[in-house]
């Protein structure tokens, strides 16, 4: 036991950041209305300044349905010059755990086209229900998958787990690094036809995966 404690004390720990954000969109407001929770989105970052965050969310600013794995910048949530509140939790992990997390992110980046937003779970979570769809996640599904946390169905529950790890709770604008909007396809506005097409395409992918369900593990492509 003493030897184990000594090893734990001498092992260098690394930090990752779980980021809770108030999304400044109609969909975000709708989620907060039904969940009665302050935050409507959660991401993971390896950077304290949140220069890059990883999650599952919409692809385009005005197309609320089409979504999947995304690399985010805080500027996405400062739409229209409005500020929002953000809560950052610092999580200590071992070198092995950090390597695993980076490997997982690399995997999701590589197969980004196969990863889709689980719109059904976003709705079913209001009733504490969920359905497993291959390579399909909500933001909370994705973060709990990465951090290997089970039996968490809401952002509020994840907040409670990391309540003692909060290092910042306040203005996102105050800590957001500068960004070049022309480098982020998120700010490409879709036409009305484009939004309709996005929505039909997205739901057709979900339906096909449910119909052709093979029981493959989420996060793994077979």
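Would you confirm whether or not segment 78-91 contains a residue that is within 19 Å of residue 16 (Cα to Cα), in a helix (DSSP H, G or I) and either at pLDDT 95 or above or out of contact with any helix residue (DSSP H, G or I) (no Cβ under 6 Å at 6 or more places or on another chain) (or both)?
Among the residues of segment 78-91, not one is within 19 Å of residue 16 (Cα to Cα), in a helix (DSSP H, G or I) and either at pLDDT 95 or above or out of contact with any helix residue (DSSP H, G or I) (no Cβ under 6 Å at 6 or more places or on another chain) (or both), which makes the answer no.
Restricting the search to segment 122-132, which residues are surrounded by fewer than 20 Cβ atoms within 10 Å (Cβ to Cβ) and closer than 22 Å to residue 65 by Cβ?
Correct list: 122, 123, 124, 126, 127, 129, 130, 131, 132.
In contact with a helix residue (DSSP H, G or I) (Cβ under 8 Å, 6 or more places away or on another chain), without any contact (Cβ under 8 Å) to a residue 60 or more places away in the chain, more than 15 Å from residue 68 (Cβ to Cβ) and loosely packed, with under 15 Cβ neighbours inside 10 Å: is that true of residue 149 in this structure?
Judged against the criteria, residue 149 is a match.
If you take the residues in segment 176-200 that are part of a loop (DSSP other than H, G, I, E, B) and within 20 Å of residue 84 (Cα to Cα), which one is modelled with the highest pLDDT?
Here the residue is 176.
All but one of (1) modelled with pLDDT of 80 or more; (2) over 15 Å from the mean Cα position of the chain (by Cα); (3) outside any strand (DSSP E or B) hold for residue 15; state the number of the condition that does not hold.
Just one mismatch for residue 15, condition (3).
How many residues are in contact with a strand residue (DSSP E or B) (Cβ under 6 Å, 6 or more places away or on another chain), under 26 Å from residue 103 (Cβ atoms) and part of a helix (DSSP H, G or I) if we restrict to segment 147-173?
Qualifying residue count for the region: 2.
Per-residue answers, yes or no, for (1) part of a helix (DSSP H, G or I); (2) in contact with a helix residue (DSSP H, G or I) (Cβ under 9 Å, 6 or more places away or on another chain); (3) modelled with pLDDT under 85:
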site: 24; (1), (2), (3): no, yes, yes
site: 31; (1), (2), (3): yes, yes, yes
site: 70; (1), (2), (3): no, yes, no
site: 75; (1), (2), (3): yes, yes, no
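Kindly provide the set of residues from segment 33-56 that are surrounded by fewer than 20 Cβ atoms within 10 Å (Cβ to Cβ) and either in a loop (DSSP other than H, G, I, E, B) or touching a helix residue (DSSP H, G or I) at 6+ places or on another chain (Cβ under 6 Å) (or both), ordered by number.
Answer for segment 33-56, where residues must be surrounded by fewer than 20 Cβ atoms within 10 Å (Cβ to Cβ) and either in a loop (DSSP other than H, G, I, E, B) or touching a helix residue (DSSP H, G or I) at 6+ places or on another chain (Cβ under 6 Å) (or both): 34, 36, 37, 38, 46, 47, 48, 49, 51, 52.
Would you call residue 108 surrounded by 16 or more Cβ atoms within 10 Å (Cβ to Cβ), on the phi < 0 side of the Ramachandran plot and part of a helix (DSSP H, G or I)?
yes
Just give me the residues in segment 153-165 being touching a helix residue (DSSP H, G or I) at 6+ places or on another chain (Cβ under 9 Å) and surrounded by fewer than 17 Cβ atoms within 10 Å (Cβ to Cβ), in sequence order.
154, 156, 157 - these are the residues of segment 153-165 that are touching a helix residue (DSSP H, G or I) at 6+ places or on another chain (Cβ under 9 Å) and surrounded by fewer than 17 Cβ atoms within 10 Å (Cβ to Cβ).
What are the residues in segment 133-146 that are within 9 Å of the chain's Cα centre (by Cα) and surrounded by fewer than 20 Cβ atoms within 10 Å (Cβ to Cβ), if any?
Scanning segment 133-146 gives no hits.
The values are calculated or read from the model by the stated rules, or taken from the named source; none is laboratory data. This structure is a prediction, so every number in the text was calculated from the model and none was measured. Every residue, glycine among them, receives a Cβ derived from its backbone with ideal geometry; neighbour counts consider all protein chains shown.
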